[in-house]
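A short write-up of the structure that comes next.
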Amino acid sequence: RRSAPPVNGVWDKAHRRVLFVDQGDIVMVDSVAGTRRQITRTTGAEANPRWARRETAVTFTRDNNLFVVPLDSGEIAQLTDVQPKKREPKETDSQKFVKAEEQKLIEHTRSEAEKKKKAEEKEKAHALPKYELAERQSATDLQLSPDGKHVFIVVTERTETAKRPNVPNYVTESSYTEDISARTFVGDAQDTRTLAVLNLDTDKAVAAEGPKKDLRWSMPQLSDDGSIAVAHVRSENNKDRWLLAVDPHSGKTRVLDA
């Protein structure tokens, strides 16, 4: 049973090997050899497995970021650094003045500040490509382009104003009535989904531009060489739907079907 192909999975082109998530870990089953391989075994929750690098590697997402595992070595490498935007501490005018005066008058303070600046520049040179999330945002899916130059990121932003129905569960382990987590009311404001493209070489990110605002983006389908990316997009009110070709360099789109 454990070596049987799953109902839902991502198959390779030969339809022999399949990737899927089993209890938060990535697993690969070879349906011809009847073997099962554990790609990851962690306490984290991995998701969205995909084939990469001409099916010699596997990518997956965890904690807002994208990881790759070459099948020959099995060494996991992180490709992105997606995290909430850090708040810079605000300094008053008097604090700025005292800090500047200290660096002018005290040699030790000045040299320590220069050392810190050099260390930050060195760290930045070796840092992973960054993408900053705003408040209430999370990266729910990430995909590496076939040429390895871009990462497509589906960014989901939770709404604060939407109401959720109270669904009681009367038979519980605690013996007290507990609420079941439910989706927001259909007619109320929903979570928004946007698409961003991060260039791994330049560390620059662009947002995909749709035909209008208030759209819900899906992860694009990519051609084998990565030259074509087509996303399924729908309006927030479900009245319109598009197939859009996305340029990963600029984020500009072209309507293929509406």
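The values are calculated or read from the model by the stated rules, or taken from the named source; none is laboratory data. This is a predicted model, so every value here is computed, not measured. Counting neighbours? That spans all protein chains shown, and the Cβs are built from the backbone with ideal geometry, glycine included. Note: areas computed on protein heavy atoms with side chains; ligands, DNA, RNA excluded. Shrake-Rupley method; radii C 1.70, N 1.55, O 1.52, S 1.80 Å.
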Which pairs do you get when a residue that is without any contact (Cβ under 8 Å) to a residue 40 or more places away in the chain, found in the stretch 241-256, comes within reach of a residue that is hydrophobic (A, V, I, L, M, F, W, C) and part of a loop (DSSP other than H, G, I, E, B), reach meaning Cβ atoms under 7 angstrom, with the pair 6+ apart or on two chains?
Trp242/Ala258; Ala245/Ile228
Any idea which residue in the stretch 222-256 is surrounded by the fewest Cβ atoms within 10 Å (Cβ to Cβ), counting only those that are polar (S, T, N, Q) and farther than 25 Å from Gln83 by Cα?
Asn237
Considering only the stretch 147-176, state which residues are closer than 20 Å to Asn199 by Cα and open to solvent by less than 60 Å² (accessible area, probe 1.4 Å).
Gly148, His150, Val151, Phe152, Ile153, Val154, Val155, Thr156
Right, Ser175: without any contact (Cβ under 8 Å) to a residue 12 or more places away in the chain and among the small types (Gly, Ala, Ser) or not?
yes
Inside the stretch 98-119, can you point out the residues that are part of a helix (DSSP H, G or I) and either open to solvent by 100 Å² or more (accessible area, probe 1.4 Å) or β-branched (Val, Ile, Thr) (or both)?
Val98, Lys99, Lys104, Leu105, Glu107, His108, Thr109, Glu114, Lys115, Lys116, Lys117, Lys118
Can you name the condition, by its number, that Asp214 falls short on among (1) of a type outside the set (Lys, Arg); (2) at pLDDT 95 or above; (3) more than 23 Å from Leu128 (Cα to Cα)?
(2)
Filtered residues of the stretch 1-24 (kept if loosely packed, with under 10 Cβ neighbours inside 10 Å, within 25 Å of the chain's Cα centre (by Cα) and free of Cβ contacts under 8 Å to residues at least 12 places away in the same chain)
Val7, Gln23
Among the residues listed as Ser73, Ser94, the single one being more than 30 Å from Arg136 (Cβ to Cβ), open to solvent by 50 Å² or more (accessible area, probe 1.4 Å), outside any helix (DSSP H, G or I) and hydroxyl-bearing (Ser, Thr, Tyr)
Ser73
How many residues, within the stretch 59-70, are farther than 17 Å from Leu19 by Cα and open to solvent by less than 30 Å² (accessible area, probe 1.4 Å)?
1
Look at the stretch 218-258 and say how many of its residues are more than 19 Å from Arg50 (Cα to Cα) and of a type in the set (A, V, I, L, M, F, W, C).
9
